[in-house]
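Reviewing the structure listed below.
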Amino acid sequence: MGEDSFKKSESYHETRNSFEDLGVEEQAVFIVESAVNMIVKSVRRAGDAFARAFEDITIEAEEAAEEPVGEKKSSGAGRGGSKKKGGAKSGSDKSKSGSGGA
């Protein structure tokens with residue numbers, strides 16, 4: 001199964017040897033937990049990437065809406081060329097939506 005496809009660390013070998021010392025049931029549980037953990041991390045990364053892309057699109061749309069009619073941006077628009085306002089991320093801006101909750 002492509003054992004020589006990457007350099008294995010000492011930690012890898014120690015973990016592998018410890019895994020071999022486990023019973024069959026413990027090995028099965030370990031494999032399932034590891035797989036679920038890997039899936040959760042992947043979903044989080046995908047969610048983070050989606051959030052960044054959505055934020056970029058939202059910022060570009062807001063900037064475009066603020067431009068006077070008939071004026072176009074001449075500088076490089078796109079993911080790398082957008083100017084982000086502020087420094088903090090926020091999931092929603094309640095001050096704009098008017099639903100502050102009282």
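The values are calculated or read from the model by the stated rules, or taken from the named source; none is laboratory data. If you're wondering where the values come from, they're calculated on a predicted model, not measured in any experiment. FYI the Cβ positions are ideal-geometry reconstructions off the backbone, even for glycines, and counts take in every protein chain you see.
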Original post:
Name the pairs: first residue in the stretch 6-26 and outside any helix (DSSP H, G or I), second residue surrounded by 10 or more Cβ atoms within 10 Å (Cβ to Cβ), Cβ to Cβ under 9 Å, at least 6 apart or on different chains?
Top reply: Lys8/Arg16; Leu22/Val29; Leu22/Phe30
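Kindly indicate which of Asp56, Asp48 is among the acidic types (Asp, Glu) and modelled with pLDDT of 95 or more. Break it down stepwise before answering.
On the way: Asp56 fails: modelled with pLDDT of 95 or more.
Sole residue among the options that is among the acidic types (Asp, Glu) and modelled with pLDDT of 95 or more: Asp48.
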